[in-house]
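The values are calculated or read from the model by the stated rules, or taken from the named source; none is laboratory data. Keep in mind that this is a model prediction, so the values were computed, not measured. Heads up, the Cβs are rebuilt from the backbone with ideal geometry, glycines too, and the neighbour counts pull from every protein chain shown.
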Amino acid sequence: MIVLVTGSSGHLGEALMRTLRASGRAALGLDIIAGPFTDEIGSIADRALVARIMQGAEAVLHVATLHKPHVATHAREAFVETNIRGTLILLEEAARARVCAFVMTSTTSTFGDALKPPPGQPAAWIDERVAPVPKNIYGVTKTAAEDLCQLFHRNEGVAAIVLRTSRFFPEEDDDPAARESYADANTKANEYLFRRAAIEDVVDAHLLAIERAPAIGFGKYIVSATTPFAPEDCARLRVDAPRVVSLRAPGWEVEYERRGWRMFPSIDRVYDNALARRELGWRPTWDFKAIVERLRETGDIRGPLAQQVGEKGYHVERFDGAPYPVTGARG
C-alpha cells in the first residue's frame, strides 16, 4: 500500500513519514516546502500535480493545512485556497483513484467558542456531540473541510476519517501570561490532563484510521491524551484544579515540587477521547501519569519521535516576544 502524506515537511507530516518508512511501508510525501521526507514539492491546490501523484496511492493522510498561527499573517483567501479548495481537490482525485482510505487531520480548534464557558460555569466537557462554534478563519475552513469529507463519503463512497487533534506541537504557548507564569515543559505537562497528546499517539491514531476507514465509512474523532477526569469533576476543575488532579491522578506533587513547577489553578475544558478509543481501537500510551513518570526517569516529557522531529515553526521570520502573532487577521 502506497500512502500519500500531504504536509510531509511539517511536524506531524514528518512524524508520519518517519514512522511509515521505519515500518517498511511505502509512503510518498507532498509539501510546498522541501524537507528530508518530502518527495514532491507543490501545492495540494494544484490539481494536475495531485492527480498525478494520487495514481497508485491506496490511502491518503491529509495533514497539509494553514494553521491558527497563520491567521494574523495570511489572507483569509489563502485559508480558503489551502484548507477548503486543496482538500476538495484531494478528495476529488482520491475518489477518481478509488483510494481505500482518506484520513484528514483536523483540530479541536474547530470547537472555537464552545471551549470557553462563562465565568462561574463548570469546565466544558468536549466530545464529538459538541457543536463547533468557529471563532476565526482557521476554524471555519477546517470545519468546512470536515464537511467535504462527509460529503464525499456520502456521494462518492470515499472512506473518510476526520481526526480532531489537540495540541501536540512543541512550540511555546501563544499566551504571554502562560509563558511568563510557567516553564514551557510545565505548561505542556499540565495540558496532558485535558488538551494535549504525544506525537507518538497522534501518529498511531492516523495509522489506525487508515485500517478502520473502510469499515467505518465516515467518522470524526477527538485525538487527545486520555483524561483522568470525569464529567462530574467539571465544576471543581474551574475553582480548584490541583485538588481534583491530586484526587484523580495522584503522584505528581513530589516531582512538581522538586522542579518548582505548579499545576494550573483552573481548567476550563476537557477533551474526551472515548469515541476514538472505542471505534478506532486507539490506545494512547501517554497520559498525564505516564508523562510525569517519563519526566522523573529522563528529565524530559518528550519521547524519541518528538525529539527526532524537533521544532518546525510556522513562519520563516521570527516575532519579538512570541512564537507567532495572535492578533488581527489579514484579508
From ALA145, ALA230, ALA178, ALA215, residue being of a type in the set (A, V, I, L, M, F, W, C) and buried (at least 21 other Cβ atoms within 10 Å of the Cβ): ALA145
Filter result for PRO304 (at pLDDT 95 or above and either in contact with an Asp or Glu (Cβ under 7 Å, 6 or more places away or on another chain) or exposed (fewer than 14 other Cβ atoms within 10 Å of the Cβ) (or both)): yes
Set ALA205, ALA177, ALA209, ALA185: member being assigned to a helix (DSSP H, G or I) and without any contact (Cβ under 8 Å) to a residue 60 or more places away in the chain: ALA177
Residue check, GLU200 part of a helix (DSSP H, G or I), of a type in the set (D, E, K, R), touching a helix residue (DSSP H, G or I) at 6+ places or on another chain (Cβ under 7 Å) and touching a residue at least 12 places away in the same chain (Cβ under 8 Å): yes
Qualifying residues in the range 223-245 (those that are free of Cβ contacts under 8 Å to residues at least 60 places away in the same chain and part of a loop (DSSP other than H, G, I, E, B)) - the one nearest to PHE288 (Cα to Cα): PHE229
Among residues of the range 80-98, those that are closer than 18 Å to ALA48 by Cβ, over 23 Å from the mean Cα position of the chain (by Cα) and not acidic (Asp, Glu), counted: 3
The range 68-87 residues that are part of a loop (DSSP other than H, G, I, E, B), paired with ones that are polar (S, T, N, Q) (beta carbon under 8 Å, 6 or more apart): VAL71/ASN136; ALA72/THR327
Hey, ARG248 closer than 30 Å to LEU4 by Cα and without any contact (Cβ under 8 Å) to a residue 40 or more places away in the chain or not: no
Residues being touching a helix residue (DSSP H, G or I) at 6+ places or on another chain (Cβ under 7 Å) and assigned to a helix (DSSP H, G or I) - total across the range 255-313: 11
Those residues of the range 23-54 which are in a loop (DSSP other than H, G, I, E, B) and farther than 22 Å from ASN83 by Cα, in sequence order: SER23, GLY24, ARG25, PRO36
